[in-house]
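Structure first, commentary second.
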Amino acid sequence: MSILDRVNLPEDVKKLELDELETLSTDVRNEIIRVCSRGGLHLASSLGTVELTVALHRVFSSPKDRILWDVGHQAYGHKILTGRKDQMDTIKKEGGLSGFTKVSESEHDAITVGHASTSLANAFGMALARDALKKEGLGEDYHVIPVIGDGALTGGMALAALNNIGYKQTKMLIILNDNEMSISENVGAMNAYFRTLQVQRWFQSAEQGGKKLVGKALGGLVSRAKDAARTFFDPHSKNPFTAMNLRYVGPVDGHNVKELVYLLEHIKELEGPTVLHIVTRKGKGMDIAEENPIYWHSPAKFNVDTPEEVGKSYTWSNAFGDAAIEICHERKDTYVITPAMREGSGLVEFAQTHPERYLDTGIAEEVAVTAAAGMALRGVRPIVAIYSTFMQRGYDQLIHDVAIENLNVIFAIDRAGVVGADGPTHHGVFDLSYLRHVPNVQIGVPKDAIELRAMLNTALTMSGPIAIRFPRGGVKPAPKDSSKQIAWGTWERLIQGDDIVILATGNTIPYALEAVKDTHNVGVVNARFVKPLDTTMLEGIARSARAIITIEDNTIMGGFGSAVLEHLAQKDLKPEVRLLGIPDHFMDHAEVSSLHRQAGIDTAGIKRVLESLGVSFAVAETV
Ligand code: HTL
Ligand code: MG
């Protein structure tokens, strides 16, 4: 019987002998590796937090004490130790556990999360609520413990929260989990500073010198912290935490579970805010993952005994990255910006080819968008490569810094539409709505890699902000000799037909083509521009067709279909119109195909609508 067999809940961790915690950590680590071998799961980050997770549940009492995992992708161990051990095989599957922490999933999950850098502000609010209610005799006392990665700490929201916490002196224990990595290598001045810490050197020598020294040094750390010394360092050092009046302890070895327990027990009752800086290795305990934590951040399926890296298939992100390389060869005034998503946005090769015109801002979408505005004001043509869901962070910057002055900024919006297993925090189903109502912004939705390339090229000859949105997943590479320009604002008739016309956008086009196969006089249009609409074609269709169906992988509210309806209303054109898209509720995690089916934007959903409009299918559907 393994130790993990005896552990289901945090109280079971407390019952173990101190010496058993290392074995428990090994058991948890092996379980994470086993679960993640299925592929598509956040392996390396969760491996790095195993000892921390065990120590936190040993010392603190969840759910009374609130542990807030920033992003939540490193919390698999937390799930295992908080009553979900037997459900781990369902993680990220339809109907199963979320890949992040989720309030509605477990009382042990303090926040619902998936985007980075929110834990500190959330913890700040919780600690203020605790103190306010306690003062009125309405609530009890408890600990608030946000755990934030060095990557997540690059986000403006995290830094602004620290500024508030240091000012208010609210009691909480902030754990900085520093593994030098975001998804790719972490960036930023603070990251560079962490590498140069004097105590980092102390930490390394302590690690080499063995446990005894660590124990002794930790004792020193603890007593200094207890003395309410604001810093273990010279107070005039540039430590960003002490500069914001936060007590700083560290850095310490985040893989020494006993030392972590000892330290947490000693610092947990300190008044005011304390930052505990732990150093961990992303992928810890799995050699190949420690060597290449970028690949093993979210690996494909692998064999537990012989884990291997496998090549990934060609995606829309690669199509964007390839086009960007070519564009930057041809145009010396271009620049590509990513907020921490070099791998995900297909920019690995770009970053090597054009390092002088490449910027990774860290997880700081706001900075990415406004830095692009600054570049545009000074004669550079920036392309912001950004996921739809993360562009939500840059909405005000888009309006205020880019759109008002109609600046030449291109947004290459990746992962548009439902994204599948990452679920509601990551679905990119709002961008058509939040982009199209901003004056000056134009929006293209390419149907394939050729159109993506042509849209990017043409956008660079135009002025003003232009967004080009494309989905997650595979696409055929554009042939080298493919067309380089596109007739801006025009739609494309894919199937002739006048009775009913389907206006389909992007990844919904294949469904529409399939749905009309056995019909007569039902047309399909590639509605590749959502703003401006091809009003000439739209009005022509509205005058001759009995009905129009719009389809989009975006919320129906305020999206492409709404744009069509608005235009028809202004022109007093009244064909029957049906809008297909994402409904007005948060869609859970599931395969993209299942989500499309649930939303009714797949082939079967379109056929149902056609039938309701009186279309009969020549060949009966087999049941
Ligand atoms: N931008 C925002 C606002 N949120 C998220 N989640 C991302 C981008 C994408 N992202 C992750 S995990 C991650 C990023 C950039 C790296 C986080 O680094 P950190 O943690 O140092 O905090 P580590 O992996 O343990 O090193 C996901 O979407 C899951
Ligand atoms: Mg990190």
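Side notes on the structure shown:
- Scanning the range 345-378 for residues that are of a type in the set (Gly, Ala, Ser), within 28 Å of residue 313 (Cβ to Cβ) and assigned to a helix (DSSP H, G or I) yields 351, 368.
- All conditions in (1) in contact with an Asp or Glu (Cβ under 8 Å, 6 or more places away or on another chain); (2) crowded, with 24+ Cβ neighbours inside 10 Å; (3) within 26 Å of residue 140 (Cα to Cα) hold for residue 59, with the sole exception of (2).
- Among residues that are more than 25 Å from residue 120 (Cα to Cα) and at pLDDT 95 or above, residue 93 is included.
- Qualifying residues in the range 269-286 (those that are away from ligand 1 (no atom under 16 Å from the Cβ) and modelled with pLDDT of 95 or more) - the one surrounded by the most Cβ atoms within 10 Å (Cβ to Cβ): 273
- Residue 62 falls short on exactly one of the conditions (1) touching a residue at least 12 places away in the same chain (Cβ under 8 Å); (2) within 21 Å of residue 169 (Cβ to Cβ), and that condition is (2).
- Residue check, residue 136 surrounded by 24 or more Cβ atoms within 10 Å (Cβ to Cβ) and more than 30 Å from residue 394 (Cβ to Cβ): no
- Selection count where residues are out of contact with any Pro (no Cβ under 9 Å at 6 or more places or on another chain), surrounded by 21 or more Cβ atoms within 10 Å (Cβ to Cβ) and of a type outside the set (Gly, Ala, Ser), scope the range 401-433: 8
- Check on residue 391, buried (at least 21 other Cβ atoms within 10 Å of the Cβ) and out of contact with any helix residue (DSSP H, G or I) (no Cβ under 8 Å at 6 or more places or on another chain): no
- Whichever residue in the range 220-261 is modelled with pLDDT of 55 or more and polar (S, T, N, Q) and, among such residues, is surrounded by the most Cβ atoms within 10 Å (Cβ to Cβ): 239
- The set of residues in the range 255-308 being touching a strand residue (DSSP E or B) at 6+ places or on another chain (Cβ under 9 Å), in a helix (DSSP H, G or I) and within 15 Å of ligand 2 (Cβ to nearest atom) consists of 297 alone.
- One residue stands out among those in the range 439-449 that are of a type in the set (A, V, I, L, M, F, W, C) and more than 10 Å from residue 323 (Cβ to Cβ): the one that is surrounded by the most Cβ atoms within 10 Å (Cβ to Cβ), which is 445.
- Residue within the range 24-45 that is among the acidic types (Asp, Glu) and within 27 Å of the chain's Cα centre (by Cα) present: yes
- Test set (1) in a loop (DSSP other than H, G, I, E, B); (2) crowded, with 20+ Cβ neighbours inside 10 Å - residue 548 fails condition number: (1)
- When we screen 28, 54, 35, 13 for residues that are farther than 24 Å from residue 307 by Cβ and outside any loop (DSSP other than H, G, I, E, B), the only hit is 13.
- Single unsatisfied condition, residue 97 versus (1) of a type in the set (A, V, I, L, M); (2) within 16 Å of ligand 2 (Cβ to nearest atom); (3) in a loop (DSSP other than H, G, I, E, B): (2)
- Any chance residue 518 is modelled with pLDDT under 95 and either surrounded by fewer than 19 Cβ atoms within 10 Å (Cβ to Cβ) or not basic (Lys, Arg) (or both): yes
- Residue in the range 183-192 that is in a helix (DSSP H, G or I), within 11 Å of ligand 1 (Cβ to nearest atom) and surrounded by fewer than 22 Cβ atoms within 10 Å (Cβ to Cβ) present: yes
- So residue 185, is it more than 12 Å from ligand 2 (Cβ to nearest atom) and either more than 24 Å from residue 57 (Cβ to Cβ) or touching a strand residue (DSSP E or B) at 6+ places or on another chain (Cβ under 6 Å) (or both): no
- Filtered by the rule that a residue be within 16 Å of ligand 1 (Cβ to nearest atom), of a type outside the set (Gly, Ala, Ser) and assigned to a strand (DSSP E or B), the range 146-182 gives 146, 147, 148, 174, 175, 176, 177, 178, 181.
- Filtered residues of the range 74-92 (kept if crowded, with 18+ Cβ neighbours inside 10 Å and part of a helix (DSSP H, G or I)): 76, 77, 78, 79, 80, 81, 82, 84, 88
- Residue that is surrounded by the most Cβ atoms within 10 Å (Cβ to Cβ), among those in the range 103-133 that are within 16 Å of ligand 2 (Cβ to nearest atom) and not in a loop (DSSP other than H, G, I, E, B): 119
- Pairing each residue of the range 132-151 that is aromatic (Phe, Trp, Tyr) with any residue that is away from ligand 2 (no atom under 16 Å from the Cβ) and assigned to a loop (DSSP other than H, G, I, E, B), provided the two are 6+ apart or on different chains, yields C-beta distances under 6 Å for 142/64; 142/65.
- Test: residue in the range 35-53 that is under 16 Å from residue 14 (Cα atoms), away from ligand 2 (no atom under 16 Å from the Cβ), crowded, with 21+ Cβ neighbours inside 10 Å and among the hydrophobic types (A, V, I, L, M, F, W, C): no
The values are calculated or read from the model by the stated rules, or taken from the named source; none is laboratory data. This structure is a prediction, so every number in the text was calculated from the model and none was measured. Cβ coordinates were reconstructed from backbone atoms using ideal geometry, including for glycine residues, and neighbour counts include every protein chain displayed.
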